[in-house]
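Reviewing the structure listed below.
The values are calculated or read from the model by the stated rules, or taken from the named source; none is laboratory data. The structure displayed is predicted, hence computed values, not measured ones. Heads up, the Cβs are rebuilt from the backbone with ideal geometry, glycines too, and the neighbour counts pull from every protein chain shown. Protein only, heavy atoms only, side chains kept; ligands, DNA and RNA dropped before computing areas. Shrake-Rupley method; radii C 1.70, N 1.55, O 1.52, S 1.80 Å.
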Amino acid sequence: MAIWKNLLQALIFQEPKQEEPFELKAQQDSLVPDLNGTGKPGGSTVVPGAGCTGRQATAAGGENKRRQMRKPTRITKKGLKPSQADKLKEDELSPNLDLNLKRLKEILNVPLNQDVNFREFTIGIRPPVRGAAIFMEGMADKKLQSLGVLQPLMLLSSLGAPEPNRRIEDIVTSQLLPNNDIGMVRGFREVVGGIVRGKTALLVDGAMQAIIADTIGGEHRNVEQPVAERVLRGPHEAFNETLKVCTALVRKRIHSEHLITERFKVGGCNQLDGSLMYIDNIANPALVKEVRRRLRKLVIDVVTGTGALEELIEDNPFIFLPQTQVTERPDRVAASLVEGRVAILLDGTPQVAVVPTSFWSLLQSPEDYYVRPPIGSFLRVIRLAAILVSLLLPAVYLAVAAFHHEMIPTDLLLSISANREKVPFPSVVEVAVMEFSFDLIREAGIRIPGLIGPTLGIVGAIILGQAAVAASLVSPLLIIIVALTGISSFAITDYNLQNAFRLHRFAYITLAAIFGFFGIAITLILHLLVMANVKSFGVPYLAPVAPRKPGELDVLARGLAFEQELRPPYIYPQNVRRQPRISRKWILKHPKGPRGTGGAEK
Amino acid sequence: MKLSNEGKTGVPEAIALATMFIGVDVFSAYPARMADLGLSAGWMVSLVSAMVGGLLGVFILGSLMARFPESSIVEIAEEVLGRWLGPVVSVGYVVFFLVLTALTVRQYSERILTVFLPTTPPTAIIVFFLFVIVIGCYLGLETMGRAAVFTFPLVFAAILLPLFLVFPFWNHHNLFPLVGSGPTRVISQGVIQSSLYGQLLVLAAVHPLIRVKQKKYRLWLIVAALSAVILVSASLFTTMVFPVPVLRENLFVMLQAARLIFFGRFVQRIEPIFISFWIIGVLFKMMAGFYITLTLLTRVLKLQYYRPFLFPMAVITFSLALLPPNFMTVINLAMAIFWDWGWIPGFAIPLLLLVMAGMRGKKGVTPGDQIQE
């Protein structure tokens, strides 16, 4: 039937129906703020940072009547005497439950927004009092709400007699509600702020305050193994997307009252929760203040995670090098905090940013400290070599192949040129094509669905490579070089650093193709100048090597645990000394004797 | 007076920068020149010049800078010589460093041409050099110093390592007759060649920017000693490898030495690796020279920012570098200006300033006084 209809439509012209196709257009009164945030003439002003939370100030002239802010006074003050109404501030709750509910429904757009639940009930004390629980569907823990909030208020409240002469909200919080985390707020803004985060707001008739019970639950991932920073020895825990779990994972490793967790919010629209963690008697107060300042001064619509936050708070967002250490391992964060660094955690991101960082910290892996010291040092040297190889190997190959044949021993040179003889391209083209296809495989490999992924990786790497060699498109030596470069790039611990060096490699390749080793030297020094110029929260990127800072250099050689007596001096912690000069007191057999008199107590 | 975006630098950074500034002269005709003057005792000429020049530099410049710890040579000249004669001397220093930079750029671009890229036009290499120099100077002394301290061990090793790796070719007979061209000539030439250490001036130019002031002469001694280690060992070991007649004809002895390295068939002809590091060292010399030119000029003109001078001065350096008609002229000019007559800006004028300052009782402000102001 449908076929027949379509055929008819195709053959016979029919006048089209008067349907206007949907087209997304700018609204008449849309808010397109210019750079100063003042908006178009006639539009209403967007308060910077207010975002989509509905806090739009009215236009100064009041020309736009439609989009004016709904004033809280409209409902809250209804039914009150003028003297009472004056005392109430605009945002504040009234003692009348119905008014509050109406107002809340208005703020939460309730008939439209069907996520919000209003659960009205009666508190079973004498005389009974009406109350309401308001929460977001799916964000709150149902079991906790039913058993920990509603059950005690509705059923268990009738068991005991309330203390006389107390306000109703005090009775609820002190006698009835067993929830462990309760807040009392006066304003609608805080009530709504709690509800949208998954808390339960309790409104009680006759109370001037709302009770916010922490019932945050909902779905979240468990604590699992790290994805990018696996180790063989050491803990296998990684952060997950829940902020509370993340902070707890760090706190699990630092049992100190000095570990501070400051809460902050970023993003005007999404109001993401975050935490700033530091140890207040170690971290430099100036550093903490600066991090706090940068976070507070952010006027940004949306922050999706630490990755997006990083570029908002770092000193040089334009260069490739990462200036924060992003890690998914709580043990690593804990170790950094003890050194005097500051950690920035965001809700919804399983990665934590640690500042300030330096190039050498990015080079280290937590495993260095879980294996024996010489092996740890060896791993670091391997990683540095990996960096050099991933940066320089294709460039050196190009330089040698195009400019400095004399460096290659004759036999090798002959075999290389024999292999290259059939290849029609110059070696630059070869390298460029191979690097490009390697990056292509790498990028595609992330997106290919799980089971096919490794297969395609093998297909890409081996079969394509083999075929390319067989077809004399590239020389076999180049396949080895590109593969080695790729492997080395994966040996770098920090993912951001991997990517940065992946891009830097192309600069080396280009200049090596033009100038040979001279080009490599020029690129090296430019690269070095850029790296020396970068600062991560006021700390030079190459510290403590350049500039040289006195103190232990925990750079390449991983020192013994008892030898690392100082915290990194270049981040200027409050007390640099970690431990006395002799940590292993047991080596002093005679504490009073000649051996133990010296620096033992220092 | 402190310029904007000038930054401060630390002691290790200053040492690294100044040592590279003086030490990279080994890549020029230095060993050949020493062999020319002292024959088989060229290294003795080098040693004498290091001792004389080092001590002169340390005492004259060190005392001058200890007297005026917060001022550069421009302010000292104005303070001591007055408002008219002072700037004349300062402009002399600006020209000195400008010519030094230009000649260094030209000389090493010619060397790279002969060694690496025979078909490349010299301007291409000069432009690339200047590109790096401008970027380095734009980023400032702080960054430059950090990069210098990072590379210094590598450059130092890349200079000394080839000299030791050619040990199979060492021949101690080349060192005899021991006093070469005769004790008088060795010593007199050594004294004259001490002009090279007049380049300790670079430290005097950087000195007011060093964060922690050390003991009076210590910094200068370290720089002079490290440079002397480089220069004397280069002279000594190349004399041991090459017989004098070969040595005095050769304009790039270090390269010849590095080419000789041979350990089996695989480790041979590895000089491009060393040259890469040498280029880095030389680039630091150019960057420091250019930076000092810029900042001295800014100070002479009593301006606040040096960055506007970057491109004009780069263009001037470019043209100056292309002025000499050929490589030999460049080398002769460089030898005449920095090695034969370098004592005038290096020692004579600072000594004059020091004596005049003593006579007129002038003294610079110490950091403590400045804070009180």
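Quick one: would you say B:Val91 is open to solvent by 30 Å² or more (accessible area, probe 1.4 Å), assigned to a helix (DSSP H, G or I) and farther than 20 Å from B:Phe284 by Cβ?
Numbers: open to solvent by 30 Å² or more (accessible area, probe 1.4 Å): yes; assigned to a helix (DSSP H, G or I): yes; farther than 20 Å from B:Phe284 by Cβ: yes.
Taking the combined requirement at face value, the residue satisfies it.
For residues that are out of contact with any Ser or Thr (no Cβ under 8 Å at 6 or more places or on another chain), in contact (Cβ under 8 Å) with a residue 24 or more places away in the chain and surrounded by 19 or more Cβ atoms within 10 Å (Cβ to Cβ), scanning just segment B:256-270, find the one that is nearest to A:Asp411 (Cα to Cα).
Only one residue tops the list, namely B:Ile261.
Identify all residues within segment B:249-271 that are touching an Asp or Glu at 6+ places or on another chain (Cβ under 9 Å) and assigned to a loop (DSSP other than H, G, I, E, B); write none if there are none.
Matches in segment B:249-271: B:Ile261, B:Arg265, B:Arg269.
Which members of segment B:308-327 meet the condition of being part of a helix (DSSP H, G or I) and surrounded by 15 or more Cβ atoms within 10 Å (Cβ to Cβ)? Walk me through it before giving the result.
The initial filter retains those residues of segment B:308-327 that are part of a helix (DSSP H, G or I), namely B:308-322, B:327.
Hits for segment B:308-327 are B:Phe309, B:Leu310, B:Met313, B:Ala314, B:Ile316, B:Thr317, B:Phe318, B:Leu320, B:Ala321, B:Leu322, B:Phe327.
Just to be sure I understand, how many residues within segment B:1-48 are open to solvent by 10 Å² or more (accessible area, probe 1.4 Å) and among the polar types (S, T, N, Q)?
Residues flagged as open to solvent by 10 Å² or more (accessible area, probe 1.4 Å) and among the polar types (S, T, N, Q) within segment B:1-48 amount to 2.
Can you list residue pairs whose Cβ atoms sit under 6 Å apart, with the first residue in segment A:480-502 being part of a helix (DSSP H, G or I) and the second being open to solvent by 40 Å² or more (accessible area, probe 1.4 Å) and not charged (D, E, K, R)? Count only pairs 6 or more apart in sequence or on different chains.
A:Ile481/A:Leu393; A:Val482/A:Phe438; A:Thr485/A:Leu393; A:Gly486/A:Phe438; A:Ser488/A:Val389; A:Tyr495/A:Ala228; A:Ala500/A:Phe320
Quick check: anything in segment A:334-347 of a type in the set (Ser, Thr, Tyr), within 17 Å of A:Gln323 (Cβ to Cβ) and modelled with pLDDT of 90 or more?
yes
Would you be able to tell me the number of residues in segment A:536-570 that are within 14 Å of chain B (Cβ to nearest Cβ), hydrophobic (A, V, I, L, M, F, W, C) and not in a loop (DSSP other than H, G, I, E, B)?
The qualifying residues number 1.
Rundown of residues vs (1) open to solvent by 50 Å² or more (accessible area, probe 1.4 Å); (2) out of contact with any strand residue (DSSP E or B) (no Cβ under 8 Å at 6 or more places or on another chain); (3) away from chain B (no Cβ under 14 Å), yes/no style:
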| position | (1), (2), (3) |
| --- | --- |
| A:Leu440 | yes, yes, yes |
| A:Glu443 | yes, yes, yes |
| A:Arg447 | yes, yes, yes |
| A:Ser488 | no, yes, yes |
| A:Asn499 | no, yes, yes |
| A:Arg502 | no, yes, yes |
| A:Ala512 | no, yes, no |
| A:Gly516 | no, yes, no |
| A:Thr523 | no, yes, no |
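Of the numbered conditions (1) open to solvent by 50 Å² or more (accessible area, probe 1.4 Å); (2) free of Cβ contacts under 8 Å to residues at least 12 places away in the same chain, B:Arg360 fails exactly one; give the number of that condition.
(2)
For segment A:525-535, enumerate the residues that are more than 7 Å from chain B (Cβ to nearest Cβ) and either among the acidic types (Asp, Glu) or open to solvent by 10 Å² or more (accessible area, probe 1.4 Å) (or both).
Once the filter is applied, which keeps residues that are more than 7 Å from chain B (Cβ to nearest Cβ) and either among the acidic types (Asp, Glu) or open to solvent by 10 Å² or more (accessible area, probe 1.4 Å) (or both), segment A:525-535 yields A:His527, A:Val530, A:Met531, A:Lys535.
Scanning segment A:233-265 for residues that are over 15 Å from the mean Cα position of the chain (by Cα), part of a loop (DSSP other than H, G, I, E, B) and touching a residue at least 60 places away in the same chain (Cβ under 8 Å), which turns out farthest from A:Met139 (Cα to Cα)?
Filtering segment A:233-265 for residues that are over 15 Å from the mean Cα position of the chain (by Cα), part of a loop (DSSP other than H, G, I, E, B) and touching a residue at least 60 places away in the same chain (Cβ under 8 Å), the one farthest from A:Met139 (Cα to Cα) comes out as A:Arg233.
Restricting attention to segment A:140-156, does a residue exist that is modelled with pLDDT under 85, touching a helix residue (DSSP H, G or I) at 6+ places or on another chain (Cβ under 6 Å) and on the phi < 0 side of the Ramachandran plot?
no
Select from segment B:187-227 the residues that are open to solvent by 10 Å² or more (accessible area, probe 1.4 Å), touching a residue at least 40 places away in the same chain (Cβ under 8 Å) and more than 30 Å from B:Arg299 (Cβ to Cβ) and list them in ascending order.
Of everything in segment B:187-227, those that are open to solvent by 10 Å² or more (accessible area, probe 1.4 Å), touching a residue at least 40 places away in the same chain (Cβ under 8 Å) and more than 30 Å from B:Arg299 (Cβ to Cβ) turn out to be B:Ile187, B:Gln189, B:Val191, B:Ile192.
For the subset of segment A:272-295 comprising residues that are surrounded by 17 or more Cβ atoms within 10 Å (Cβ to Cβ) and part of a loop (DSSP other than H, G, I, E, B), which member is nearest to the chain's Cα centre (by Cα)?
Restricting to residues being surrounded by 17 or more Cβ atoms within 10 Å (Cβ to Cβ) and part of a loop (DSSP other than H, G, I, E, B), the top hit is A:Ala283.
With the requirement that a residue be touching a helix residue (DSSP H, G or I) at 6+ places or on another chain (Cβ under 8 Å) and either of a type in the set (A, V, I, L, M) or modelled with pLDDT of 90 or more (or both), what does segment A:360-376 give you?
A:Leu362, A:Leu363, A:Val371
Yes or no, residue by residue, for (1) part of a helix (DSSP H, G or I); (2) more than 30 Å from A:Tyr495 (Cβ to Cβ); (3) open to solvent by less than 50 Å² (accessible area, probe 1.4 Å); (4) within 14 Å of another protein chain (Cβ to nearest Cβ):
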| position | (1), (2), (3), (4) |
| --- | --- |
| A:Ile375 | yes, no, no, no |
| A:Ile382 | yes, no, no, no |
| A:Leu388 | yes, no, no, yes |
| A:Val396 | yes, no, yes, yes |
| A:Val400 | yes, yes, yes, yes |
| A:Asn419 | yes, yes, no, no |
| A:Phe425 | no, yes, no, no |
| A:Val429 | yes, no, no, no |
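Would you call B:Ile273 of a type in the set (A, V, I, L, M), more than 30 Å from B:Ile192 (Cβ to Cβ) and open to solvent by 50 Å² or more (accessible area, probe 1.4 Å)? Working first, answer last.
Numbers: of a type in the set (A, V, I, L, M): yes; more than 30 Å from B:Ile192 (Cβ to Cβ): yes; open to solvent by 50 Å² or more (accessible area, probe 1.4 Å): yes.
Yes.
Restricting to segment B:328-353, name every residue that is open to solvent by less than 40 Å² (accessible area, probe 1.4 Å), in contact (Cβ under 8 Å) with a residue 60 or more places away in the chain and part of a helix (DSSP H, G or I).
Step one: list which residues in segment B:328-353 are open to solvent by less than 40 Å² (accessible area, probe 1.4 Å), which gives B:330-331, B:334-336, B:338-339, B:342, B:345-348, B:350, B:353.
Subset that is in contact (Cβ under 8 Å) with a residue 60 or more places away in the chain: B:330-331, B:334-335, B:338-339, B:342, B:345-347, B:350, B:353.
Across segment B:328-353, the qualifying residues are B:Val330, B:Ile331, B:Ala334, B:Met335, B:Phe338, B:Trp339, B:Pro345, B:Gly346, B:Phe347, B:Pro350, B:Leu353.
Under the condition of being of a type in the set (Val, Ile, Thr) and open to solvent by less than 10 Å² (accessible area, probe 1.4 Å), which residue from segment B:124-156 is farthest from the other protein chains (Cβ to nearest Cβ)?
First, the residues of segment B:124-156 that are of a type in the set (Val, Ile, Thr): B:125-127, B:132-135, B:143, B:149, B:151, B:155.
With open to solvent by less than 10 Å² (accessible area, probe 1.4 Å) added as a condition, the list becomes B:125-126, B:132-133, B:143, B:151, B:155.
Working: B:Ile125: 7, B:Ile126: 12, B:Val132: 6, B:Ile133: 10, B:Thr143: 4, B:Thr151: 7, B:Val155: 11 Å.
Within segment B:124-156, the match that is farthest from the other protein chains (Cβ to nearest Cβ) is B:Ile126.
I need the full set of residues from segment A:178-203 which are open to solvent by 10 Å² or more (accessible area, probe 1.4 Å) and of a type in the set (A, V, I, L, M, F, W, C), in order please.
Once the filter is applied, which keeps residues that are open to solvent by 10 Å² or more (accessible area, probe 1.4 Å) and of a type in the set (A, V, I, L, M, F, W, C), segment A:178-203 yields A:Ile182, A:Met184, A:Val185, A:Val192, A:Val196.
Consider B:Ser72 against the criteria (1) over 17 Å from B:Gln199 (Cα atoms); (2) open to solvent by less than 10 Å² (accessible area, probe 1.4 Å): it satisfies all of them except one. Which criterion is unmet?
Exception for B:Ser72: condition (1).
Take the conditions within 12 Å of another protein chain (Cβ to nearest Cβ) and out of contact with any Cys (no Cβ under 6 Å at 6 or more places or on another chain) and apply them to B:Leu17. Does it pass?
Yes, satisfied.
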